[in-house]
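Presented below is the structure to which this report refers.
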């Protein structure tokens, strides 16, 4: 059976993964530049976040060199940087107007169901565990094309998982702060189970790393335990940051909701707490305030119709999607 030399395999793998990253970066910056003079301009920090995510992926795939092929814990660092941190940075760089041309495609619009929380979480979990099955994991290590596919799926499913929390696409009305808390807990618990398996198991799962472990004078089991520890530490830090974000988000929404209710009450307008909460959760508190100021919201009948009106579908809805908090 023919085998591809390591250097040639790594070069092919780099080409398969870095070339699409460069193309995505160019397209993103061109679209951001076209929006620069409009009211939908992409903030500088979002552009920096997106570009930073691309740079982090490139650094993770190339910076560790051959060590990631020889030690499991080094490869775990690579996967966490790509599938967790970089995916989060990419999602933070997205806005509704930025994605509008892409979402006009019928196929892409239909695929938006994947960003539903009830779909995104199990899709991410299945992807995580299936790729860590020993047979498939080691097959990816031995085949550059399959390895590139593995990284692409980690990135896609990771970004799709983060989209529910930080993305610009609308989320279901039931996906409030409590549901987000459960979602974060479920995601981190799922990752923690795999991390604990690697950390505490007395069985070596991946024989591929035996020669690399010997070369680096580390036992295969210690290498695997380190990989689990890396996964647990990264997950713990990320979870703490997410809980802090959710707490601050809930406090900010509560304050903004009360300000809207007080504003409407001072002007003799009827505004239900439910509608104010929906507007704030969708990032449209300022829009509702402008409507109150102009008298567009003038009574309970209008308020009831607005609360019952179905949300629009398709590209216009995406183009008007709120900025993620």
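The values are calculated or read from the model by the stated rules, or taken from the named source; none is laboratory data. Here the structure is a predicted model, which is why all the values come from computation and not from measurement. When we count neighbours, we look across all protein chains shown, and the Cβ atoms used for this are built from the backbone with ideal geometry, even at glycine.
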Problem - Condition check for residue 100: in contact (Cβ under 8 Å) with a residue 60 or more places away in the chain and surrounded by fewer than 22 Cβ atoms within 10 Å (Cβ to Cβ) - result: yes
Practice task
Report yes if residue 114 is part of a helix (DSSP H, G or I), surrounded by fewer than 19 Cβ atoms within 10 Å (Cβ to Cβ) and either assigned by TED's automatic domain parsing to the domain that holds residue 86 or touching a residue at least 40 places away in the same chain (Cβ under 8 Å) (or both), otherwise no.
Solution key: yes
Exercise for the section: Would you be able to tell me the number of residues in segment 145-178 that are assigned to a helix (DSSP H, G or I), touching a helix residue (DSSP H, G or I) at 6+ places or on another chain (Cβ under 7 Å) and under 19 Å from residue 91 (Cβ atoms)? Expected result: 15
Exercise for the section: For segment 33-69, enumerate the residues that are assigned to a helix (DSSP H, G or I), more than 17 Å from the chain's Cα centre (by Cα) and farther than 23 Å from residue 152 by Cβ. Expected result: 33, 34, 44
Practice task
Please indicate, with yes or no, whether at least one residue in segment 156-172 is in contact (Cβ under 8 Å) with a residue 24 or more places away in the chain, surrounded by fewer than 16 Cβ atoms within 10 Å (Cβ to Cβ) and over 26 Å from residue 42 (Cα atoms).
Solution key: no
Practice task
Considering every residue within segment 122-129, establish whether at least one is in the same structural domain as residue 16 (by TED's automatic domain parsing), more than 15 Å from the chain's Cα centre (by Cα) and at negative phi.
Solution key: yes
